[in-house]
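First up is the structure itself, then whatever we jot down about it.
The values are calculated or read from the model by the stated rules, or taken from the named source; none is laboratory data. Nothing here was measured: the structure is a model prediction, and the numbers come from that model. Surface areas here come from the heavy atoms of the whole protein model, side chains and all, with no ligands, DNA or RNA. Shrake-Rupley method; radii C 1.70, N 1.55, O 1.52, S 1.80 Å.
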Amino acid sequence: MLSLCRDPYPSRAINEHLLARRHEPVVWSETGARPEWLSAEDETKFAEQGFLVLPNVLTADEVAELNKEMTQLRKELTASDSPLVLREQGSDDILSFLDPPSASPLFERLARHPKLLEFARYILASEVYLHQSRLNYRAANAQEEFYWHSDFETWHTEDGMPTMRALSCSVLLTDNLAEHAPKLLIPGSHKTYVGCVDPATCPVTDDEAAHESHTMGQPSPEILSLLTHQAGEVTSATGLAGSVVFFDCNIQHRSADEASKHPRANAFLVYNSVENMLGAPANGLKPRPEHLAHREQTTPL
């Protein structure tokens, strides 16, 4: 069903899952402004599929330096009760460290990497700032599940991000190959907005409750099936350490189900247009903390 509400992208305060047309372009800039290192084919691929893997953005030395810094941060924070630390359920293992540029000049420099900024400014046709950032670490044999979702659904609903004028990237700090349980994406799903029912208002079966299959911002199985059918396949975002996976803010993605014998680590950076500043969250929600959604730290990078 198509949304006829004043908010073009409603979610959670709705009675059934819905599909809505995307109102914004994927690539905001005119072709003539494209960075020299970005080919027309790669731009088209990003526009059509919603993601792009660029190899060799970082050198081996840069990757090694970032991994050393990440290891030190994890060591320092293992016993911390900081709200910046997210842990795996039922474990003390650190899953994510939020807002790493605030704790590390090295990761602050990473957020300002020329290729990352050039791509973000081109795609969004404006200056950008960091909406959110985190270090994601998945240990070997980790069982943590990550459900299908669109980041924009969360940012629009919980942070008041007005439009789809934001861009995410994962900087691969380790190899992300098939054997590493990499990120999965549904190509082309960024062209359709999915509004989700609040699981608290959605009746579930005993089986569903047992498996905790309904989580906030998760599309229904029927919608996921439709999007996957339209795409023809689910794609793995694979690459060697030093590669960068750019992906549209609205693409449906998740981590692979299977546990891997290999750890996996990525720096996740979200660039938002300075013309897309956060407003009031939807549905009467209170704004999230600054380390999850920057409202004060919005100086262009």
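Probing with 1.4 Å while keeping every protein chain in the model, the per residue accessible area of segment 1-79 equals 64 Å². Take every pair of alpha-carbon atoms less than 8 Å apart whose residues are at least six positions apart; their mean separation over the length of the chain yields a relative contact order of 33 percent. When a 1.4 Å probe is rolled over the protein heavy atoms, the share of accessible surface on the chain that falls to carbon and sulfur comes to 51 percent.
Taking a straight Cα-Cα cut-off under 27 Å and skipping sequence neighbours fewer than 8 places away in the same chain, the lysines within cross-link reach of LYS75 are LYS183, LYS261. Given q = 0.23 Å⁻¹, what are the Debye log10 I(q)/I(0) values for segment 49-162, with equal point scatterers placed on the Cα positions and solvent ignored? Values, matching the q order: -1.48. Residues ARG21, ARG121 ordered from highest to lowest accessible area at a 1.4 Å probe: ARG21, ARG121. Its relative contact order, with pairs defined as Cα atoms under 8 Å and 6+ residues apart, puts segment 1-108 at 13 percent. Go through [x] 63, 54, 43; [y] 51, 51, 40; [z] 59, 48, 37 and flag the label whose value is the computed Cα extents along the principal axes in Å for this structure. Calculated Cα extents along the principal axes in Å: the matching label is [y]. Rounded to the nearest 10 square angstrom, ASP93 shows an accessible area of 80 square angstrom against a 1.4 Å probe. Computed with a 1.4 Å probe over protein heavy atoms only, the accessible surface of segment 93-193 comes to 29 Å² per residue.
Annotation: amide H-H contacts under 5 Å for LEU292 (H modelled 1.01 Å from N, sequence separation of 5 or more, or interchain): none.
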